[in-house]
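Asker: Handing you a structure now.
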Amino acid sequence: MWLILLGVVIFLYILLHILIPKKYNSLKAEWEVLKIPGPRRIPYFGNAHLFFVPNEEFLPVLDKLVKQYEPIFRVDFLGYLTIFCMDATQLEIILNSRKHITKSDDYEVIKPWLGTGLLTATKKKWFDHRKWLTPAFHFGILEQYIDIINKNANTLVEQLMAFSKDDYVSINPIITLCTLDIICETAMGTVVDAQRGGEKEYVKATLRMSQIFQIRQLTPYLHWDWIFKITSTGREHEKWLKVLHGFTKRVIQERKKAYKENQKLKNSEVEFSDVGEKKKISFLDLLIEMSEKENKMTEEEIREEVDTFMFEGHDTTSAALCWTLFELGSNPDIQEKAYQELQEIFGDSDRQPTNSDLAEMKYLERVIKETLRLYPSVPVISRRLEEEIKIKDYVFPAGTYTPIFIYKIHRDPRFYPDPEKFDPDRFLPEKIQGRHPYSYIPFSAGPRNCIGQRFALMEEKVILSQVLRKFQITSLDKKEDIKMMAELILRPKDNLRIVFKPRQR
Ligand code: HEM
């Protein structure tokens, strides 16, 4: 009897050892990390049991840990040693470093789709690609996208006008289709017309893939590839992956062909812009030009980057827009101020915003910034330390994970008194002065910050200004009732409900 029991214990021990191998380098590393305050650990599982909660409980669990142990605490999640650092001044050491640029294993779930594009790449590949891609986000290049953004914002306004007879609009899916249209046209130069039901398979694949990431991230046993692959979610993942890659590859080949034909025209001394309407250059066109002229990127690397822009460039902006509409609909006085600013810029004219109009939208910009403070689209990011670092009296060994809990850092009362209050004037120039720059990091910070932040701000201003000029909006949901899901993207558990009342002119 005792022998059987002993056998079972040894078997379980070996099984756990295989299934949950420790992800850190040495016992010394573990010893150092254990000097950092944190909750008690269960052998092998560490503190994982604390996080086996419904998704909407994830933020409250983290919040509790922060309150109990801040500013620095450790969590052991299934063999991953993780150190949270909540202090803006200390964060700078990690985020500003050119050494600690490797992302943690949390990002593995997105690699089948994005490969090692800019978001997930590290070391030389990341340095090279970041250098090559930065010019594609130059102000002069971004400016030309305003027409595409305006066109798709007009479609959104049409859709909202049609829905305005309803009691309310569940805005999240509608806004996502709009931002998807915008990123497809700007990143790939391809119109998918998601808002009007176009390119159904590709649109469905993009939307469903984001959901599958969330499911996988939050279901521990799905982290193991071999288990994931045999589940129905894993098989669905394979199916959509084929659709996504098939579409991007087809578009790349078409644009490559078009590029070569244009080159032929150029060689025969006919200027590109002389041929019919002046063409907008997409990010993809710039990547193709780079690979054709300078042989910098392979076709697979171009595919990875385009897919990365597709993923990073639509869900993040959609979430930010939805939360901004929610706050504007909950704060009529703030909405009125934003509207008055638009009245001063446009008067009664129906014209589309230009780039110089966007520069005038100072109050709207503060509204957007304050929204991203309270609802950072990416609530947590994470790095794996390449080398040991010391912060305060603690050693963070090489190989440990350092999640950066942006959502909570933005609520530090030392920098944001009454942190839950929505107050755009926190971003008046005189208020920003003297605040630690790392106390506000919705686009991360340092060398791996968001390459698309100017694009995002431009897109948000165009869409919000178009919507606010046409509608008075009211949020039906109360902030205290909203359950927030800190997934890859910060979303409400249920779609936000907003009433759109057309403005009388
Ligand atoms: C409100 C909108 C957006 C927010 C809040 C946001 C936020 C972020 C954050 C926090 C990161 C760092 C991620 C990490 O370290 O894991 C990031 C990286 C990135 N973002 Fe954005 N983003 C937004 C819009 C966009 C758009 C529109 C694009 C593309 C057009 C984009 C492209 C990227 C890329 C490629 C990276 C990786 C950069 C690198 O590692 O070098 N983002 N973004």
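The values are calculated or read from the model by the stated rules, or taken from the named source; none is laboratory data. Remember, predicted model here, so these are calculated numbers, not experimental data. Cβ: placed from backbone, ideal geometry, glycine included. Neighbour counts: every protein chain shown. Surface accessibility is based on the protein's heavy atoms, side chains included, excluding ligands, DNA and RNA. Shrake-Rupley method; radii C 1.70, N 1.55, O 1.52, S 1.80 Å.
Asker: So, of the residues in region 129-154 that are over 20 Å from M188 (Cβ atoms) and open to solvent by 50 Å² or more (accessible area, probe 1.4 Å), which turns out to be nearest to the ligand (Cβ to nearest atom)?
Answerer: The residue in question is K131.
Asker: Just to be sure, is Y394 modelled with pLDDT under 95 and of a type outside the set (D, E, K, R)? So that I can check it myself, show each step before the final result.
Answerer: Numbers: modelled with pLDDT under 95: yes; of a type outside the set (D, E, K, R): yes.
Yes.
Asker: Now for a different question. Does region 487-503 contain at least one residue that is in contact with a Leu (Cβ under 7 Å, 6 or more places away or on another chain), β-branched (V, I, T) and either more than 16 Å from the ligand (Cβ to nearest atom) or farther than 25 Å from A153 by Cβ (or both)?
Answerer: Yes, the conditions are met somewhere in region 487-503.
Asker: Turning to a different aspect of this structure: Hey, can you tell me all the residues within region 185-210 that are of a type outside the set (F, W, Y), closer than 30 Å to D105 by Cβ and either over 15 Å from the mean Cα position of the chain (by Cα) or not in a helix (DSSP H, G or I) (or both)? Before the answer, list the steps.
Answerer: Residues of region 185-210 that are of a type outside the set (F, W, Y), as a first pass: 185-201, 203-210.
With the extra rule that they be closer than 30 Å to D105 by Cβ, the set shrinks to 187-188, 203-210.
Scanning region 185-210 gives A187, M188, V203, K204, A205, R208.
Asker: Something else about it: Can you say whether Y375 is within 16 Å of the ligand (Cβ to nearest atom), over 20 Å from N96 (Cβ atoms), open to solvent by 10 Å² or more (accessible area, probe 1.4 Å) and aromatic (F, W, Y), as far as the supplied structure shows? I'd like the intermediate steps shown before the answer.
Answerer: On the way: within 16 Å of the ligand (Cβ to nearest atom): yes; over 20 Å from N96 (Cβ atoms): yes; open to solvent by 10 Å² or more (accessible area, probe 1.4 Å): no; aromatic (F, W, Y): yes.
No; evaluated as a whole, the condition is false for this residue.
Asker: Check K242, K204 and return the single one that is open to solvent by 50 Å² or more (accessible area, probe 1.4 Å) and modelled with pLDDT of 90 or more. Steps first, answer last, please.
Answerer: Working: K204 fails: modelled with pLDDT of 90 or more.
Exactly one residue qualifies, and that residue is K242.
Asker: In this structure, is W113 under 21 Å from the mean Cα position of the chain (by Cα), within 12 Å of the ligand (Cβ to nearest atom), open to solvent by less than 50 Å² (accessible area, probe 1.4 Å) and at pLDDT 90 or above?
Answerer: Judged against the criteria, W113 is not a match.
Asker: Additional query: What is the one condition in (1) more than 16 Å from the ligand (Cβ to nearest atom); (2) at pLDDT below 95; (3) of a type outside the set (V, I, T) that F471 does not satisfy?
Answerer: Only one criterion in (1) more than 16 Å from the ligand (Cβ to nearest atom); (2) at pLDDT below 95; (3) of a type outside the set (V, I, T) is unmet by F471, namely (2).
Asker: So how many residues does region 211-222 have that are free of Cβ contacts under 8 Å to residues at least 40 places away in the same chain, under 21 Å from the mean Cα position of the chain (by Cα) and open to solvent by 50 Å² or more (accessible area, probe 1.4 Å)?
Answerer: From region 211-222, those free of Cβ contacts under 8 Å to residues at least 40 places away in the same chain are 211-212, 215, 219, 221-222; that's our starting set.
From what is left, the residues that are under 21 Å from the mean Cα position of the chain (by Cα) are 211-212, 215, 219.
Now restrict to residues that are open to solvent by 50 Å² or more (accessible area, probe 1.4 Å): 211, 215.
So the count comes out to 2.
Asker: So W126 passes all but one of these: (1) within 11 Å of the ligand (Cβ to nearest atom); (2) open to solvent by 30 Å² or more (accessible area, probe 1.4 Å); (3) of a type in the set (F, W, Y); (4) at pLDDT 95 or above. Which condition number does it fail?
Answerer: Exception for W126: condition (2).
Asker: Can you run down the residue pairs with Cβ atoms below 8 Å, 6 or more apart or on separate chains, where the first is in region 392-413 and within 20 Å of W323 (Cα to Cα) and open to solvent by less than 10 Å² (accessible area, probe 1.4 Å) and the partner is more than 14 Å from the ligand (Cβ to nearest atom) and part of a helix (DSSP H, G or I)?
Answerer: From region 392-413, the pairs are F405/L62; F405/V66; I409/A88; I409/S439; H410/S439.
Asker: Next question. So, in region 427-444, exactly how many residues are more than 9 Å from the ligand (Cβ to nearest atom) and among the aliphatic types (A, V, I, L, M)?
Answerer: So the answer is 2.
Asker: Now a separate question. It is to be established whether one or more residues within region 475-485 are among the β-branched types (V, I, T) and over 25 Å from H314 (Cβ atoms).
Answerer: There is no residue in region 475-485 that is among the β-branched types (V, I, T) and over 25 Å from H314 (Cβ atoms).
Asker: Would you please list the contacts, defined by Cβ atoms under 9 Å and residues six or more apart or on different chains, that run from a residue in region 194-210 that is at positive phi to a residue that is part of a loop (DSSP other than H, G, I, E, B)?
Answerer: Going by the 9 Å Cβ cut-off, the qualifying pairs are E199/T190; E199/V191; E199/V192; E199/D193.
Asker: Considering only residues that are surrounded by 16 or more Cβ atoms within 10 Å (Cβ to Cβ) and within 7 Å of the ligand (Cβ to nearest atom), which ones fall in region 445-456?
Answerer: R448, C450, I451, G452, F455, A456
Asker: Go through region 326-356 and report how many residues are within 16 Å of the ligand (Cβ to nearest atom) and either out of contact with any helix residue (DSSP H, G or I) (no Cβ under 6 Å at 6 or more places or on another chain) or open to solvent by 10 Å² or more (accessible area, probe 1.4 Å) (or both).
Answerer: Count: 1.
Asker: Counting residues that are out of contact with any helix residue (DSSP H, G or I) (no Cβ under 7 Å at 6 or more places or on another chain), which helices (runs of 4 or more DSSP H) fully inside region 64-140 reach at least 2?
Answerer: 88-95, 123-133
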